[in-house]
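**Q** Okay, here's the structure, questions in a sec.
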Amino acid sequence: MKPAIPQDELQRIQALHALGILDTPPEERFDRLTRLVATLLNVPIALISLVDSERQWFKSKVGLAVEETSRDVSFCAHAIHFDDLFVVNNAEQDKRFADNPLVRQEPRIRFYAGQPLHASDGSRVGTLCAIDSKPRELKPHEHQALQDLAAIAETELRLADIQALQKEIGKQKQLQEAKEAELNQFFHLSIDLFCILDRNGNFVRLNPAFENTLGWSTHELAHESFFRHVHPEDRDSTAHHIHELSQKETTLCFENRYQHKDGSYRWILWSFRPLPKTHKLYAVARDVTDNKRQMMELSYAKEVAEQASQTKSEFLANMSHELRTPLNSVIGFSNLLMVNQDGHLSDTELSYLDRILNNGKHLLELINQILDLSKVEAGHSEVCLQPVNVCGLINELFQLFEPQISGRPIELVLDSPLPRIEIHSDRSKLKQILTNLIGNAIKFTDQGRITVHLELQPHTDSLHHISVSDTGIGIPTSHLQTIFQAFSQVDSGANRKHGGTGLGLAISRSLCQTLGYHLTATSQLHQGSTFTIHTTPPLSPYFSSKDHNGEQS
Ligand code: ADP
């Protein structure tokens, strides 16, 4: 009959394996016991058998050559079901064992007496047993001897248990030490400050970075109060933060001034965290004095620059206004004189007057544009949003420009997917931008076509962008980046021919920004240019598509 499996089998097997004794070489401390059993009980076979999941393995054996047998034929696998000695007087007549191969064949077991061996958790992991090939009875003193020797075997087994435990502890300790050594590397290598404070705010441990940053050696600060070198003015706020940490387990960052050994103070950024289990505070810190100084300088410089820019814009706005009044008189009276009602003025005088008038007008345009730009840049330009019919606005502008192109081989074309496209915008600002772009296109195109193209967002009827393309002189790549800057013109020769102030595109781009739009340009020299107002935010700051194979700004 096969031995049954004990209820605590899983735990039993774990306890047996934890002993670390299976398949180890024979040991005298166990062999001594089996020899005693054989002698005291006068039996040919004595064993220390450990019952593994599939086999019984003999840690010590007398009178048997094999190392192990299958668990199915094992007498000990029956014995481990009991706390007391398990005895079979005549196996041949016991129906549990009569057909057992170890009974029917060699070693022809008849008598078996096995005392279970317990591991430290109480699991019965095997037996100390006596076996005879003759049937017999166990005498009381033999019973006692087997139990006593089994008790010694158990002690020896548990010793193995303890040794295995000690080995494991040693291994864990080594691992722990290796980990600690690894962390210590960081502690020593870090250029940031690392420290641990006890519950009274005294340094328990510091890294060498303290000496590099603050001049104090770790030895000098050890067991000192953290607060001792905090700037007197920062002590209250620092104490407040530390107190906060005693209330909750959180990471807290704060800055304070900390005294250097040379007496000066450095700005230190601390990051503290408590560990309630150890009643300690852990901190990493960094010297931010230089950053702090730079930030203060930057913020001061920014304030000064903003103030200067504001003053400049206000000055320009005032000046432009003051200049316009006398200039209007110059232009007005020159106009009157040009009429030459009495015919007193000679042709030379009239040509002088013509120059005064033209230059006066140019100056007035310049002043008006400076005024515009300074207004937009100073943020004084108010946005008045309303529904704007873009096609209507462009047709209106085409009519305004009609006199300028009449008689020239230029045509103005509106290319719109819908007859009416409405957007929510500031009409007069959009008109100013488009006037400048169409005006430039006309100015810089001798012949061909100026096309205003409206592009809708895919699958919608909302406007994606407006582009103004021409077939004019184009803009060299090197100038595409700069034409949006104030007073920037491509070349003086061309500008002398075409006139202009160099402010139109700067104003247009600023106005676009005010409206939340983005103005870009692409061009190819001698082929033409395209200026695009992106009315919806682009995916990237600058679109990557290139019209005319040209560059883009
Ligand atoms: P302005 O036209 O008064 O000179 P802008 O700021 O409007 O000033 O334009 C700056 C310069 O950009 C122009 O002088 C010209 O050199 C160049 N530019 C602008 N638009 C075009 C265009 N459509 N074709 C060629 N060059 C252009």
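The values are calculated or read from the model by the stated rules, or taken from the named source; none is laboratory data. Since this is a predicted model, take the numbers as computed values, not measurements. Here Cβ is always computed from backbone atoms with ideal geometry, including for glycine, and neighbour counts include all displayed protein chains. Please note that ligands, DNA and RNA were not included when accessible areas were found on the heavy atoms of the full protein model with its side chains. Shrake-Rupley method; radii C 1.70, N 1.55, O 1.52, S 1.80 Å.
**Q** Taking the Cα centre of the chain as origin and charging only Cβ (+1 Lys, Arg; -1 Asp, Glu), how large is the dipole, in debye to the nearest 20? Spell out each step's value before the answer.
**A** On the way: 54 positive and 69 negative charges, 175 e Å.
In debye, rounded to 20, the chain gives about 840.
**Q** Do any of Lys248/Lys277; Lys375/Lys429; Lys167/Lys277; Lys167/Lys280; Lys261/Lys292; Lys95/Lys134 go past 24 Å between their Cα atoms, and which?
**A** Lys167/Lys277; Lys167/Lys280
**Q** To continue, here is another question. Taking R0 as 60 Å, what FRET efficiency do you get between His321 and Thr251 from their Cβ-Cβ distance, rounded to the nearest 0.05? Each step should come with its number before you reach the end.
**A** Numbers: r = 57 Å, r/R0 = 0.96.
Calculated value: 0.55.
**Q** For region 383-547, give the magnitude of the charge dipole about the Cα centre (Cβ charges: +1 Lys/Arg, -1 Asp/Glu; no others), in debye to the nearest 20. Spell out each step's value before the answer.
**A** Details: 11 positive and 12 negative charges, 80 e Å.
Dipole magnitude for region 383-547 comes out near 380 debye.
**Q** Near Lys171, which aspartates and glutamates are there with a Cα under 20 Å away, not counting those fewer than 8 places off in the same chain?
**A** Cα-Cα hits under 20 Å: Asp161, Glu180, Glu182.
**Q** Using a Förster distance of 56 Å, how high is the FRET efficiency between His81 and Gln176, based on the Cβ-Cβ distance and rounded to 0.05?
**A** On the way: r = 42 Å, r/R0 = 0.74.
Efficiency, from the Cβ-Cβ distance: 0.85.
**Q** Taking a quarter of the surface of the convex hull around the Cα atoms of region 9-166, what do you get in nm²? Provide the component values of the computation, followed by the final result.
**A** Details: hull surface 33.1 nm².
Here the figure is 8.3 nm², rounded to one decimal.
**Q** Beyond 10 Å, what share of the Cα-Cα pairs of region 382-421 is found? Please give it as a whole percent.
**A** Every Cα pair in region 382-421 considered, those over 10 Å come to 75 percent.
**Q** Under a Cβ-only charge scheme (Lys and Arg +1, Asp and Glu -1), can you give me the dipole magnitude of region 426-492 about the Cα centre, in debye to the nearest 20? Working shown, then result.
**A** Details: 5 positive and 6 negative charges, 41 e Å.
Dipole about the Cα centre, nearest 20: 200 debye.
**Q** Once you treat every alpha carbon in region 383-547 as an equal point and sum by Debye, what is log10 I(q)/I(0) at q = 0.11, 0.13, 0.19 Å⁻¹?
**A** For the requested q values the scattering log ratios are -0.42, -0.60, -1.36.
**Q** I've got another one for you. Amide H of Arg55 versus every other amide H placed in the peptide plane: which residues, excluding those fewer than 5 positions away on the same chain, fall under 5 Å?
**A** Arg71
**Q** Using a 1.4 Å probe over the heavy atoms of the protein chains, calculate the carbon and sulfur portion of the accessible area of region 193-287 as a whole percent. Present the calculation step by step, with values, prior to reporting the outcome.
**A** Working: 2540 of 5190 Å².
Carbon-and-sulfur percentage of accessible area, whole number: 49.
**Q** Which FRET efficiency value, to the nearest 0.05, is calculated for Gln166 and Ile13 with the Förster distance at 35 angstrom and r the Cβ-Cβ distance?
**A** 0.95
**Q** Can you pull the Rg over Rh of the chain, Cα-only, Kirkwood? Intermediate results must be reported in sequence, preceding the final value.
**A** Working: Rg = 50.5 Å, Rh = 35.0 Å.
Dividing the radius of gyration by the Kirkwood radius yields 1.44.
**Q** Summing +1 for each Lys or Arg and -1 for each Asp or Glu, what net charge is found among the other residues whose Cβ lies under 15 Å from the Cβ of Ala378?
**A** Working: positive: Lys312, Lys375; negative: Glu306, Glu314, Asp372, Glu377, Glu382.
Around Ala378, the charge tally is -3.
**Q** Taking the simple approach of a point 7 Å from Cα along Cα-to-Cβ for both Asn89 and Val339, what is their distance in nm?
**A** 15.6
**Q** Sum up the charges of everything whose Cβ sits under 12 Å from the Cβ of Ala160, counting Lys and Arg as +1 and Asp and Glu as -1, but leave Ala160 out. Mind showing how you got there, number by number?
**A** Values: positive: Arg29, Lys59, Arg158, Lys167; negative: Glu27, Glu154, Glu156, Asp161.
Net local charge, Ala160 excluded: 0.
**Q** Using the Karplus curve 6.51 cos²θ - 1.76 cosθ + 1.60 with θ = phi - 60°, work out ³J(HN,Hα) for each residue of region 50-65 in order, rounded to whole Hz, and write x for Gly and Pro.
**A** Taking θ as phi minus 60°, the curve returns 10, 8, 8, 4, 10, 9, 10, 10, 9, 6, 9, 8, 10, x, 9, 8 Hz for region 50-65.
**Q** Go through region 171-221 and name the chymotrypsin sites (Phe, Trp or Tyr not before Pro) that are in a DSSP coil and have 11 or fewer other Cβ atoms within 10 Å of their Cβ. List each step's numbers first, then the result.
**A** Details: sites: Phe186, Phe187, Phe194, Phe203, Phe210, Trp216; in loops: Trp216.
Answer in residue order: no site qualifies.
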